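Here's the structure, in structure tokens; my notes come after.
The values are calculated or read from the model by the stated rules, or taken from the named source; none is laboratory data. Small disclaimer: the values here were computed from a predicted structure and weren't measured. Every residue, glycine as well, gets a Cβ built from its backbone with ideal geometry; the counts of neighbours run over all protein chains shown. Accessible surface is based on the protein model in full, side chains and every heavy atom, while ligands, DNA and RNA are left aside. Shrake-Rupley method; radii C 1.70, N 1.55, O 1.52, S 1.80 Å.
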Amino acid sequence: MLRYPCAFRTENANEYNAAQRIMPIADSTRLGTNVEIRQPGLVNLYGCSVGDGTRIGAFVEIQKNAVVGARCKISSHSFICEGVVIEDEVFIGHGVMFTNDRFPRATSGDGRLQTEADWSVERTFVKRGASIGSNATVISGVTVGAYALIGAGAVVTRDVPDYAVVAGVPARALGDVRVRGVATTTTEAA
């Protein structure tokens, strides 16, 4: 049995998992066609949905109830938690982190460890064609606009408008991708 195939393409996760029980891709994961996971033994996907033609790098975790659209690139060491919705053609750089709770705590008021019943997921949206640079952190409850560009290392604490260029801690608007000549659609890139 081949432990780490150079590419992984399948119609669904169940088909692949039946043959390759060594990889941590749960049967509850819904993978579109031609999803590419170059090192399937080095990812953790469970209860999520990944669209057609998306590429996922090593050491990526995508949690339950997270959605990744079609033709996205999710670079290595990224964490996409429950409640994150990533639309089509989005680029996620290396080590990008999403959160889903603005006020995380280990324990409840009475000192017991919190369970899912003790907090609620805050949803985060990344719109079509957006790009998020390496090591950026996106705080829960925000929307990253269509074709927006987030600089490496930014901490996104507020909504990012469509086409905005943002960077810094906290992230601040620096410009507009359309002014900088960045292609925002397949036809504009041609």
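Taking a ≥ b ≥ c as the square roots of the Cα gyration tensor eigenvalues, with a/c under 1.5 meaning rounded and otherwise prolate when a/b beats b/c, else oblate, which class fits the range 30-144?
prolate
Sorted by accessible area (1.4 Å probe), largest first, how do LYS127, LYS73 line up?
LYS73, LYS127
To the nearest 10 square angstrom, what accessible area does VAL156 show with a 1.4 Å probe?
Ignoring ligands and nucleic acids, VAL156 comes out at about 0 Å².
What FRET efficiency, computed as 1/(1 + (r/R0)^6) with R0 = 45 Å and r the Cβ-Cβ distance, is obtained for ASP27 and VAL179, rounded to the nearest 0.05?
For R0 = 45 Å, the calculated efficiency reads 0.45.
Can you tell me how the range 81-154 classifies by the Cα gyration tensor, rounded, prolate or oblate, using a/c under 1.5 as the rounded cut?
Since a/c reaches 1.5 and a/b is larger than b/c, the shape of the range 81-154 is classed as prolate.
What figure, in Å² to the nearest 10, do you get for the accessible area of HIS77 with a 1.4 Å probe and non-protein molecules left out?
100
Keeping all protein chains in position, work out how much accessible area THR143 exposes to a 1.4 Å probe, and write it in Å² to the nearest 10.
40
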